[in-house]
Amino acid sequence: MGRMTVMGRPREEAVAIIGGTGVYQAERLENAATEQVRTEYGVVELTVGRWKGHTVYFLPRHGRGHSIPPHRINYRANLAALAEQGVTQILATSAVGSLRSDWPAGRLVVLDQFIDFTSRREATFYDGEDDRVVHTDMTNPYCPRLREVILKTAADLGLDITESGCYVCTDGPRFETAAEVRAFGRLGGDVVGMTGVPEVILARELGLCYAAVALVTNLGAGLSTTPLAHDEVSRQMQENADRLQSLLWESVARLPLVRPSSCCQQRGA
Ligand code: HPA
């Protein structure tokens, strides 16, 4: 996918916020408007506006009324649409279950690794169609620079945040069994969710900077005595929405208008 240009000049860079469960509004966006972006993978509706000198695109991953389940999200269209609009830096949020009893609901985590347990998703832009086989480095999937910005912002806002965590992604939409939660924890996972992959992979393939903040909404299956329910996930998200929104928007305010040329731009080879 080529870099878009306007009248021969590189298009202005933009930032995106991808909102997970409970993050359906772009609260601080000024002069907000809605755009339909056509990509080769499908049409995506984006909200665009301005915030602190940035052009910011907002994309609620599950749709505005949480109508798209995790396994039906068109991840490739979403990432392609953002890239086509000139987005180079993405901050995402995820509601997650905790795989550790010492990480209770309400904990914020800046992800640094993932383990992929999905199996039924379109997870690459490189399908071999143009006779190219591409393997993308995934050693550090989340942009270290964006992660630092989020951590520094959290410190300045006085927010408690965990500076790293490994995200296990399942296909869903069901929750896990107690045995899966035990197994994922033993494998090195800290939290579990259903949407972080392949989003982060596709961002890496496009050479975009991408970081994700996870909010623990519940202890994983079997770690708590109550059965898991989406209502509880939503309730926890609502309770923590102000903290999460402040962290996101204040982080965006601190991002450079043009990202450093060395950052995350290397694509697969
Ligand atoms: N499992 C998977 N996804 C989730 C959970 C969970 O326990 N909580 C919020 N998203």
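Right, Asn140: open to solvent by 10 Å² or more (accessible area, probe 1.4 Å) and closer than 29 Å to Arg254 by Cα or not? Spelling it out, Asn140 is indeed open to solvent by 10 Å² or more (accessible area, probe 1.4 Å) and closer than 29 Å to Arg254 by Cα. Among the residues of segment 103-122, those identified as over 17 Å from Gln236 (Cα atoms) and open to solvent by 10 Å² or more (accessible area, probe 1.4 Å) are Asp112, Gln113, Phe114, Ile115, Asp116, Phe117, Thr118, Ser119, Arg120, Arg121, Glu122.
When residues in segment 28-66 are screened for being part of a loop (DSSP other than H, G, I, E, B), basic (Lys, Arg) and farther than 27 Å from Phe175 by Cα, 2 of them pass. Scanning segment 241-251 for residues that are surrounded by fewer than 20 Cβ atoms within 10 Å (Cβ to Cβ) and either under 17 Å from Ala95 (Cα atoms) or small (Gly, Ala, Ser) (or both) yields a total of 5.
Restricting segment 94-125 to residues that are among the small types (Gly, Ala, Ser) and in contact (Cβ under 8 Å) with a residue 60 or more places away in the chain, the residue that is farthest from the ligand (Cβ to nearest atom) is Ala123. Annotation note: Cβ proximity below 6 Å between a residue of segment 13-29 that is closer than 18 Å to Thr88 by Cα and open to solvent by less than 10 Å² (accessible area, probe 1.4 Å) and a residue that is among the polar types (S, T, N, Q) and within 15 Å of the ligand (Cβ to nearest atom) (sequence gap 6+ or interchain) occurs for Gly19/Thr93.
Close Cβ contacts (under 6 Å, 6 or more residues apart or on different chains) running from residues in segment 159-170 that are open to solvent by 20 Å² or more (accessible area, probe 1.4 Å) to residues that are assigned to a loop (DSSP other than H, G, I, E, B) comprise Ser164/Asp112. Annotation note: Cβ proximity below 6 Å between a residue of segment 210-239 that is near the ligand (Cβ under 8 Å from one of its atoms) and a residue that is assigned to a helix (DSSP H, G or I) and at pLDDT 95 or above (sequence gap 6+ or interchain) occurs for Gly220/Val181; Ala221/Ala178; Ala221/Val181.
Across segment 217-240, not a single residue is classified as under 28 Å from Glu13 (Cβ atoms) and either among the small types (Gly, Ala, Ser) or at pLDDT below 95 (or both). I'd like to check something: does segment 194-217 contain any residue that is polar (S, T, N, Q), surrounded by 24 or more Cβ atoms within 10 Å (Cβ to Cβ), in contact with a helix residue (DSSP H, G or I) (Cβ under 8 Å, 6 or more places away or on another chain) and more than 23 Å from Asn78 (Cα to Cα)? Yes, segment 194-217 contains at least one residue that is polar (S, T, N, Q), surrounded by 24 or more Cβ atoms within 10 Å (Cβ to Cβ), in contact with a helix residue (DSSP H, G or I) (Cβ under 8 Å, 6 or more places away or on another chain) and more than 23 Å from Asn78 (Cα to Cα). Checking Pro69, Pro60 one by one, the residue that is within 16 Å of the ligand (Cβ to nearest atom) and open to solvent by 20 Å² or more (accessible area, probe 1.4 Å) is Pro69 and no other. Applying the set (1) open to solvent by 70 Å² or more (accessible area, probe 1.4 Å); (2) away from the ligand (no atom under 16 Å from the Cβ); (3) farther than 20 Å from Arg243 by Cβ to Asp156 leaves exactly one unmet item: (3).
The values are calculated or read from the model by the stated rules, or taken from the named source; none is laboratory data. No experiment lies behind these values; they were computed from the predicted model shown. Note: ideal-geometry Cβ built from the backbone for every residue, glycine included; neighbour counts use all protein chains shown. Heads up: the accessible areas ignore ligands, DNA and RNA and are worked out on the full protein's heavy atoms, side chains in. Shrake-Rupley method; radii C 1.70, N 1.55, O 1.52, S 1.80 Å.
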